[in-house]
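Peer 1: One structure follows; several queries about it will come next.
The values are calculated or read from the model by the stated rules, or taken from the named source; none is laboratory data. Predicted, not measured: the structure shown is a model, and the values here were computed from it. Note: ideal-geometry Cβ built from the backbone for every residue, glycine included; neighbour counts use all protein chains shown.
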Amino acid sequence: MFEALILQFSFPAMMKMFLTLSWKNFWRSVSLGKNLLVNLMKGFMFVYLSFVFIFFGFFIVKLISGTNPDSNVLEILNQYLFYYFLVDLLVRVLFVATPKLDLPVFLCLPIPRRKLVKYYLFRSVFNLNNLAPVLFLVPFCLSFLIEEKGWTYSLVWSFTIILLSFSFHFLALFLNKFQLKKPILGMLLIGGLGLFVWLDFSNGLFFASRFGIAFDKFTSTGIGLIIGVIMLFFTIQGSFRFLIKNSYLDKGLSSEKRKIQFPEFSFLGRFGSLGQMIKLDLNLIFRNSRPRSTLIFGVLLIPFFFYNFLNQGSFWSEGFGLIFMSVFLLGVFQLNYNQYLFSWDSSYFDFILSGSFKTSDYLMSKYVVTVFFTSIAFLFMAPFCFFYPQFLQYFIMGYLLNIGVIAYIYLFIMTYNRKRIDLAKGALFNYEGSGYIQYLLAVPVLGLPFLIYAPFYFLGKEQAGVYTLMAFGIAGLILHKPIFKILLKQFKNQKYKMAAGFRKK
Amino acid sequence: MIIIKDLQKKQGRYFQLSIEHLQINQGESFGLLGNNGAGKTTLFRLILDLIESNSGTISIQGKPVHTTEDWKFITGSFLDESFLIDYLSALEYFEMLGKLKGVSKEKLLELIETYRSFLGDDMFVKGKFIRDLSKGNKSKVGIFSAIIGTPKLIILDEPFANLDPSSQIKLKEILKKKQREEGTTLLISSHDLKHMSEVSSRIVILHNGEIVKDENTNENTLKELETYFAKFVD
């Protein structure tokens with residue numbers, strides 16, 4: 001039992017092995033360029049946030065006494081600790097990625113399972129969330145607390161916070177294993193936090209101030225330290241045991257297995273090979289977690305944009321803002337789903353290339369699915385125009401532009417996408433399949449409508465601008481055949497490179 | 001059926017495959033052998049237009065695969081799992097292929113019944129997707145999908161791998177029958193010399209991307225093959 005607490009390894013060699021493997025994994029990864037950029041950003045964020053914490057450590061006293069000159073700084077700080085702990089737990093559960101360790105590879109090697117799990121726990125400790133309290137506490141104690149309360153109080157106070165924060169870390173590791181239920185867990189936690197704040201402020205339950213008083217007492221009596229140690233002990237034990245139990249292939253390590261009935265779309269079977277491809281696309285969306293959640297996230301954005309729409313006089317309710325909004329709202333499907341077009345099919349792309357159907361049918365199916373979802377978006381928006389008829393022309397413009405211009409842009413540009421997507425993985429913070437292409441897309445997709453509209457806007461002929469945009473959409477629909485010829489040629493030129501990229505895991 | 005001319009595929013400066021001339025006739029059962037890295041899968045991928053050659057042409061029924069798509073409708077193929085759409089159930093995948101190849105549902109169900117002893121029951125359990133199947137069953141799904149629609153040409157890359165012994169025997173019978181009764185052209189690669197000498201009417205050995213042996217099979221083939229591959233042992 002005691003073993004779990006000692007996070008030291010009798011085999012430094014094993015540590016070295018794992019670290020070398022992670023190192024190689026990073027440098028030899030197919031998406032090295034992207035990883036480098038992402039890590040550079042991460043490094044920058046790390047340094048920036050570290051400075052923020054140190055800054056607050058030094059200056060929080062001034063900040064608090066600046067807003068509440070007559071108050072006791074420590075008392076207020078103790079109260080806020082309550083929320084700090086809640087937010088800390090929330091952030092850890094939702095955002096902190098646990099370190100990667102490909103357990104299945106190591107399970108059969110002569111390394112004891114317990115040791116593997118210990119290493120995993122050990123590695124997980126090194127992240128900014130765990131460093132943050134230290135970065136804050138050291139300057140805070142040095143500049144204020146030691147002078148005010150003496151060494152003993154400062155040390156006990158700091159260590160209680162650190163111990164509690166660390167136990168949250170291990171608790172979060174445990175909770176992290178419920179990956180699939182993460183959104184629900186997150187919502188529960190956010191809801192809980194909201195409820196606390198509400199009760200605290202409006203109903204006079206004073207959780208925070210009671211917590212503050214209790215925390216002060218715990219610190220001066222030293223009970224806080226004992227509670228911290230006990231909590232840390234149990235959370236380490238808990239996560240250790242939990243991980244040991246789940247380090248089997250059919251437990252936590254296995255991929256998601258579903259036995260749920262999904263819609264069958266059998267009516268599409270009547271429409272020949274095109275119908276088959278469309279059916280395949282719909283099945284793809286409904287049966288796999290990533291595309292499904294990608295779509296759901298997209299739909300969740302709609303209310304936000306609607307809110308801005310109705311906010312008369314705001315940037316979004318006129319001019320460029322309104323154009324953007326209309327194109328965006330009608331194109332929610334494209335912007336979310338088509339930004340990974342072709343990548344969705346990456347795991348069976350060889351079949352797509354050699355199956356008994358024409359490549360043109362495949363491309364056409366992608367287009368038809370886009371039109372289908374854009375039309376659904378339009379039908380959803382249409383009733384809105386009974387109350388606000390002035391928006392109807394904008395919706396029509398957005399619809400035409402999306403199916404007559406933007407859909408083609410996606411079909412063309414996405415042939416440069418070579419990134420494989422593993423369909424079974426979730427969508428939350430999953431950037432698999434993303435590359436510079438997704439950022440580049442914004443230029444033509446959002447820039448083009450602006451570019452067309454801008455001259456009319458600056459000449460004061462906004463109405464003519466809207467009509468011109470519509471005309472572009474209609475022209476795209478009329479020129480469908482020649483445009484598709486170009487798209488087909490482009491796809492055929494790029495397909496070998498796409499297939500080669502998609503084969504790389 | 002298939003004519004390959006001056007085909008070259010390079011990776012960097014090295015030749016993955018270099019075939020000056022190869023003709024595979026209609027109804028031939030063509031077995032491809034070679035140690036790992038010899039270029040078997042590369043050749044199959046080139047025939048199926050999945051990768052681009054550096055030079056040369058491959059044509060199926062006189063039409064180059066690179067520029068036409070007609071060959072897709074007479075070819076059934078299964079190279080690896082990247083041919084399987086794993087979020088469909090086996091039956092749905094078969095139905096989809098059936099529709100694409102113009103096989104009615106009744107005909108398809110009949111076909112499944114004919115091959116039932118090979119396919120087994122496990123893959124037809126309701127709610128089970130291809131991604132939930134064992135490796136062997138995934139192979140069976142792939143092999144059967146290549147057979148649907150009586151294609152004139154069937155291309156299978158190591159179809160015997162992952163199959164249990166009984167299924168291997170059944171697969172041999174299926175392939176022989178296809179060739180004998182329907183005149184199907186078969187292109188099969190495998191590391192199992194015995195299976196290959198039984199199924200194939202002609203065997204080609206690739207070594208470092210080049211054809212080093214091209215012979216029709218006879219009663220001595222197995223022995224010759226064993227002698228040939230034994231020489232790499234030391």
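Peer 1: When you go through B:Gly120, B:Gly37, B:Gly27 one by one, which is the residue that is touching a Gly at 6+ places or on another chain (Cβ under 6 Å) and away from every other protein chain (no Cβ under 14 Å)?
Peer 2: Numbers: B:Gly120 fails: touching a Gly at 6+ places or on another chain (Cβ under 6 Å); B:Gly37 fails: touching a Gly at 6+ places or on another chain (Cβ under 6 Å).
Just one listed residue meets the conditions, B:Gly27.
A quick yes/no check of all residues on (1) of a type outside the set (S, T, N, Q); (2) modelled with pLDDT under 80; (3) in contact with a strand residue (DSSP E or B) (Cβ under 9 Å, 6 or more places away or on another chain); (4) outside any helix (DSSP H, G or I):
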residue	(1), (2), (3), (4)
A:Leu142	yes, no, no, no
A:Ile161	yes, no, no, no
A:Ser165	no, no, no, no
A:His169	yes, no, no, no
A:Ala172	yes, no, no, no
A:Pro183	yes, yes, no, no
A:Ala208	yes, yes, no, no
A:Phe211	yes, no, no, no
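Peer 1: Then there is this: On the basis of being more than 9 Å from every other protein chain (Cβ to nearest Cβ), over 25 Å from A:Lys358 (Cα atoms) and touching a residue at least 12 places away in the same chain (Cβ under 8 Å), does B:Gly142 make the cut?
Peer 2: Taking the combined requirement at face value, the residue does not satisfy it.
Peer 1: Moving on to the next point. Please go through region A:86-112 and give me each residue that is surrounded by 14 or more Cβ atoms within 10 Å (Cβ to Cβ) and modelled with pLDDT under 75, ordered by number.
Peer 2: A:Val93, A:Leu94, A:Val96, A:Thr98, A:Pro99, A:Leu101, A:Leu103, A:Phe106, A:Leu107, A:Ile111
Peer 1: Turning to a different aspect of this structure: Within region B:65-74, is there a residue that is closer than 23 Å to A:Lys279 by Cα and either touching an Asp or Glu at 6+ places or on another chain (Cβ under 7 Å) or among the basic types (Lys, Arg) (or both)?
Peer 2: yes
Rundown of residues vs (1) crowded, with 16+ Cβ neighbours inside 10 Å; (2) closer than 30 Å to B:Glu224 by Cα, yes/no style:
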residue: B:Asp121; (1), (2): no, no
residue: B:Arg131; (1), (2): yes, no
residue: B:Asn137; (1), (2): yes, no
residue: B:Ile169; (1), (2): no, yes
residue: B:Gln179; (1), (2): yes, yes
residue: B:Leu187; (1), (2): yes, yes
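Peer 1: Identify the residue in region A:340-357 that is facing another protein chain (nearest Cβ under 7 Å) and of a type in the set (Gly, Ala, Ser) and, among all such residues, is farthest from the chain's Cα centre (by Cα).
Peer 2: The extreme case among them is A:Ser356.
Peer 1: If you don't mind, there's one more thing I want to ask. Kindly provide the set of residues from region B:68-92 that are facing another protein chain (nearest Cβ under 7 Å) and of a type in the set (S, T, N, Q), ordered by number.
Peer 2: Once the filter is applied, which keeps residues that are facing another protein chain (nearest Cβ under 7 Å) and of a type in the set (S, T, N, Q), region B:68-92 yields B:Ser77, B:Ser82.
Peer 1: Anything in region B:96-116 that is away from chain A (no Cβ under 11 Å) and under 27 Å from B:Ile169 (Cβ atoms)? List them, or say none.
Peer 2: The answer is B:Lys107, B:Leu108, B:Leu109, B:Glu110, B:Leu111, B:Ile112, B:Glu113, B:Thr114, B:Tyr115, B:Arg116.
Residue-by-condition table, conditions (1) crowded, with 20+ Cβ neighbours inside 10 Å; (2) within 14 Å of another protein chain (Cβ to nearest Cβ); (3) among the polar types (S, T, N, Q):
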position	(1), (2), (3)
B:Ile147	yes, yes, no
B:Lys152	no, yes, no
B:Phe160	yes, no, no
B:Glu224	no, no, no
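So that you can scan it fast, the table gives a plain yes or no per residue for (1) more than 9 Å from chain A (Cβ to nearest Cβ); (2) over 28 Å from A:Asn288 (Cβ atoms); (3) touching a residue at least 60 places away in the same chain (Cβ under 8 Å); (4) surrounded by fewer than 22 Cβ atoms within 10 Å (Cβ to Cβ):
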| site | (1), (2), (3), (4) |
| --- | --- |
| B:Lys5 | yes, yes, no, yes |
| B:Arg13 | yes, yes, no, yes |
| B:Ser18 | yes, yes, yes, yes |
| B:Leu32 | yes, yes, yes, no |
| B:Thr57 | yes, yes, no, yes |
| B:Phe94 | yes, no, no, no |
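Peer 1: Only one of A:Gly460, A:Gly476 is free of Cβ contacts under 8 Å to residues at least 24 places away in the same chain and over 28 Å from the mean Cα position of the chain (by Cα); which? Break it down into steps so the answer makes sense when it comes.
Peer 2: Working: A:Gly476 fails: free of Cβ contacts under 8 Å to residues at least 24 places away in the same chain.
Being free of Cβ contacts under 8 Å to residues at least 24 places away in the same chain and over 28 Å from the mean Cα position of the chain (by Cα) holds for just one of A:Gly460, A:Gly476, which is A:Gly460.
Peer 1: Considering only region B:168-198, state which residues are more than 18 Å from B:Ser77 (Cα to Cα) and of a type in the set (Ser, Thr, Tyr).
Peer 2: The one that is more than 18 Å from B:Ser77 (Cα to Cα) and of a type in the set (Ser, Thr, Tyr): B:Ser197.
Conditions (1) farther than 21 Å from A:Leu477 by Cα; (2) among the basic types (Lys, Arg); (3) at pLDDT 80 or above, marked per residue:
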{"site": "A:Leu392", "(1), (2), (3)": "no, no, yes"}
{"site": "A:Val405", "(1), (2), (3)": "no, no, yes"}
{"site": "A:Glu432", "(1), (2), (3)": "yes, no, no"}
{"site": "A:Pro455", "(1), (2), (3)": "yes, no, yes"}
{"site": "A:Leu459", "(1), (2), (3)": "yes, no, yes"}
